[in-house]
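Below is one structure, written out as structure tokens; comments come after it.
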Amino acid sequence: MKRNELDFNENKTILDIYSCANEVFGEGIAVPVENGHPCGWEWLDFKFIDDILVDKFESSDISNGCGNGEYEDLTLKEILLKTNGKFAFEVNTHTINWDKD
């Protein structure tokens, strides 16, 4: 599904992204940032988020506490709306069986 087909105002979209990130990828997503990490992305760690629809990200949840503060105190929905739906999954190579897949 393409980004422009997703409605980031819908809770189902947020829950689907959260579920996919936790089940398949590295328990989080990367979102673009202009004045942050040199790679141009901040990592949002879902590890300590209990309710993705209401919990706000703290500084320790963003790029291991090294974020620039742009996404601090925002929910995932607010962040995705701010980035116009731009995000990326990061593959956790420890969960992929390369011989089998």
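No value in this document is a laboratory result; all are computed from the given coordinates. Computed from a prediction, not measured in an experiment: that's the story for all the values here. FYI the Cβ positions are ideal-geometry reconstructions off the backbone, even for glycines, and counts take in every protein chain you see.
Inter-label distance, S60 to N84: 3.5 nm, where each label sits 7 Å from its Cα along the C-beta direction.
Under a model in which nothing but the beta-carbon of Lys, Arg (+1) and Asp, Glu (-1) is charged, the range 3-91 shows a dipole of about 240 debye around its Cα centre.
Using the Cα gyration tensor of the range 3-91, with a ≥ b ≥ c the square roots of its eigenvalues, what is the shape: rounded (a/c below 1.5), prolate (a/b larger than b/c) or oblate (neither)? Rounded, since a/c falls under 1.5.
Stretching the chain fully between D50 and E5 yields a gain of 13.5 nm (0.36 nm per residue, less the alpha carbon separation).
With labels modelled as points extended 7 Å from the Cα through the Cβ direction, what inter-label distance (nm, one decimal) is found for S19 paired with C39? Here the modelled spin labels are 2.7 nm apart.
For a quick protection proxy, order the peptides 60-67, 7-14 by their average other-Cβ count within 10 Å, most packed first. Don't jump to the answer; show the numbers that get you there.
Details: 60-67: 17.0, 7-14: 13.4.
Ranking, from highest mean packing down: 60-67, 7-14.
If we count every other residue with Cβ under 14 angstrom of L53's Cβ, Lys/Arg +1 and Asp/Glu -1, where does the sum land? Taking every Cβ under 14 Å from that of L53, the sum is -3.
What net charge do the residues around N9 carry, taking every other residue with its C-beta under 11 Å from that of N9, with Lys and Arg at +1 and Asp and Glu at -1?
Working: positive: K12, K77; negative: D7, E10, E78.
My count for the surroundings of N9 gives -1.
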